Every structure is written in C-alpha cells, then in structure tokens.
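As structure tokens, the structure follows; a few thoughts come after it.
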Amino acid sequence: MTISKSLALLIFVGLNIFVSTNSIAQNNKVKTSKKEPAKSSLASYEKYIDDNNDAHLKEFTELIAIPSISSIPANKPDVDRAAAWIVNKLKAIGMTTAQTLPTDGNSIVYGSWDKAPGKPTVIIYAHYDVQPVKESEWDIPAFEPKIMDGKIFGRGASDDKSGVMITIWAVEAMLRTDGKLPVNVKFIFDGEEEKGSPRFKTFLDKNKELLKADFAVNADGSQYSETTPSILMSLRWVSARKLAFRIPGVSEISACSPK
Ligand SMILES: [Zn+2]
C-alpha cells in the first residue's frame, strides 16, 4: 500500500495558494525575491512522500492502533496516549512548538511553525479521537489495522486520523525538502470531536491570541470520489458554526478532504 500522494499534494498546493490569496486580499502583488531560493517543485514533494512511504505507513498504523475513543471514560489513557504520540511526531518534523493544551476534558494537541515572518498564518484543524466500536460490524479487530486490497482498515483510519497525519506529512515533506514552509502553520487537533466537541468553543475563546490566523483549514471533510480529493473554499457559516471557529483575523474557513 502507498500513502496517497494526491492528498498530500492537495495540502502543498493549498499552503501555496494561501500565500497568493492573502497577498491579493491585501492588494499586494505576489513578490518573489531573487535572493530567495526557488521553491521546490511538487515533484520533489512527491518524491519525498514516495521515499518515506514505508515509514509513514508504519506511523499511521501505530496511531490507528491506539483506541482513542473519546466517549468511553475507560479509554481516557488511550486518548492521552494518542495526543502524546502526535506531539512527539510534531516535534520530530521540526515544528517550533508542539504540546498538549488542557481542557476540562481531553487535551487539544497544538503545534506551530512560525518562521515565515510577513507571510500569512494557516491554522489546520483535525481530530484524533474516534468513535466507539460495535465489534459485530467489523471483520477484523478495529484497532489492529490491516491492509487489504491496497486499503488500510481500522477505526479512525479515515475519520480523522488521516486528516491528522496527511497534513503533518505534507508539512514534513516541505520542511525536509525546502527547510522551510511558504506560510506559518498552526495545527490544532481536537480530542473530543466525536462527542460533539463540548469544550472546543471555550478552548477557542480562552486562546484567541495563540490561535490567531489568516486562514483555517478543516481537514475533516469528504471528497468527490475515492480517487479525487477536493478543497471546498470559503465555507463561512455552517463550518464556522459547527467548529465554532472564532479566531481573530480568520477570513475564510476551508474544508479539505484528506480521506
Ligand atoms: Zn471527523
């Protein structure tokens, strides 16, 4: 099985679009400095994804194997373990900050990379908690991920640990290839989405400065077909209400679909 490059590429393209969109919004021309080294082509990011497929697959199965079910109190240690696993991964790819932020319930995982002064900031949302499992509906143990017919099966493999990992791998590929990102990036990974994110709004209200951004990406969406990923742009209302995104400066909320 290979990790889908098209999905990661969607994030690469998205991060670059945010630079030019923000520039246009501010009535500036997109400036390219001759002193600035040329950005790597998408092909070099694709090569990175190909070259690291086995390592990424191993990471993905590790994360899926953690039963981070938010609605079952007995699974709280697993939820915490999944959060800690993601923090370690964010540190390993070179994010400036990687930590869990407490709420009255499960922690939010936060990571940031802030070394693009003057460039916009993109905040990326996904969630690392999963739904409980009815064992009778599963042909395999839900937390023992298995690859069949080129697909990986396991609870959370799609919704939404794919959203967590593909966005991280996209940032990793750009950092490892270019040594930098075209924009500043903040990750926030919810640990209670599958139980309705009861503390998320309070969390946002308490952390407005920390979460300040120019664009928000919701990596917990759908796509056109199994082979066609998608980005929905400018979802201002329903998504804003659903996620209670009330981040100062955010002018657009986009949903992308790395599933
Ligand atoms: Zn979801």
Need one number: nm distance between label points at residue 151 and residue 84, each 7 Å from Cα along Cα→Cβ, rounded to one decimal. 3.4 nm
Once you have a ≥ b ≥ c as the square roots of the Cα gyration tensor eigenvalues for the range 164-237, tell me rounded if a/c is under 1.5, and otherwise prolate or oblate according to whether a/b is larger than b/c. oblate
Mind running the shape call on the range 37-172? Use the C-alpha gyration tensor, a ≥ b ≥ c as the square roots of the eigenvalues: rounded below 1.5 for a/c, prolate if a/b tops b/c, oblate otherwise. oblate
Label point at residue 202 placed 7 Å out along Cα→Cβ; residues across the range 73-108 whose backbone nitrogen lies under 18 Å: 73, 101-108
Please go through the residue pairs 151/195; 180/201; 115/151; 89/119 and name each one whose alpha carbons sit more than 29 Å apart in this structure. 180/201; 115/151
Given the range 148-202, what whole percent of its Cα pairs are spread farther than 14 Å? 67 percent
Taking r as the C-beta separation of residue 144 and residue 57 and R0 as 22 Å, the FRET efficiency to the nearest 0.05 is 0.90
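Read-outs throughout are calculated quantities, based only on the coordinates presented, and are distinct from any laboratory measurement. From a predicted model like this one, the values you see are computed outputs, not experimental measurements. For neighbour counting, all protein chains shown are included, and Cβ atoms are generated from backbone atoms with ideal geometry for every residue, glycine included.
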